[in-house]
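Undergrad: Dumping the structure here so I can ask a few things about it.
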Amino acid sequence: MRTIFGVTTLLLSAGSAFATGGIWCSAEDAAVKFQVEAGVTRGMGGPTFNFRGDLEILGRPVGDDLRKTVFEDSNLTQYWLDGKELRLLVYREHEVANTYSSVELTIVTKASEEGTYDGRYSLAIYEGTADTGGDGMPAALTDKVSCGAE
């Protein structure tokens, strides 16, 4: 009986392993260092799960709350993955005292070979305060990014 249960469990877990994959992207340059990753299901529209990432904006002061940002599932607002392109839109708001700010990371890539995607990222940094409001124009950074998918 234990053998049947063990084999059944093994087969069920192997079936679910074939039903998932993953995506990941990273960049490191003079202005920004980041990595993001998520699991992706096959079928059912290909939703993501366990999205996470870290972003460091190197040109900001060490004590600044925008210098380091941690991303979670809710921060991946849009994504597209097919055999030709991988695109991600990641957004996170920060609130400290009366200061409201956010970062918006856009990744646009094209497949260079199977499972490998190369392209560019754009990072928009929005700053403002609750009392005065900023000028509405985000600081923007852009450079190369490399991604993978399986």
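None of the figures in this text is laboratory data; all of them are computed from the coordinates on show. Keep in mind that this is a model prediction, so the values were computed, not measured. Cβ coordinates were reconstructed from backbone atoms using ideal geometry, including for glycine residues, and neighbour counts include every protein chain displayed.
Undergrad: Just subtract the alpha-carbon distance of residue 124 and residue 112 from 0.36 nm times their residue separation and send over the number in nm, one decimal. Display every interim value, and only then the final one.
TA: Working: separation 12, 0.36 × 12 = 4.32 nm, distance 2.59 nm.
Value of the extension gain: 1.7 nm.
Undergrad: Give me a comma-separated list of calculated 3J(HN,Hα) values for segment 63-72, in order, Karplus coefficients 6.51, -1.76, 1.60 applied at θ = phi - 60°, integers in Hz, x for any Gly or Pro.
TA: x, 5, 5, 8, 4, 10, 10, 10, 9, 10
Undergrad: Any lysines with Cα under 28 Å of the residue 84 Cα? List them, leaving off those in the same chain fewer than 8 positions away.
TA: Excluding near neighbours in sequence, the set is 33, 110, 144.
Undergrad: From Cα pairs below 8 angstrom and at least 6 apart in sequence, can you work out the relative contact order of segment 47-125, rounded to a whole percent?
TA: On the way: 141 pairs, mean separation 16.0, N = 79.
Worked out over segment 47-125, it gives 20 percent.
Undergrad: What order do you get for 58-67, 87-96 when each peptide is scored by the mean count of other beta carbon atoms within 10 Å, highest first?
TA: Working: 58-67: 12.0, 87-96: 16.5.
Ranking the peptides 58-67, 87-96 by packing returns 87-96, 58-67.
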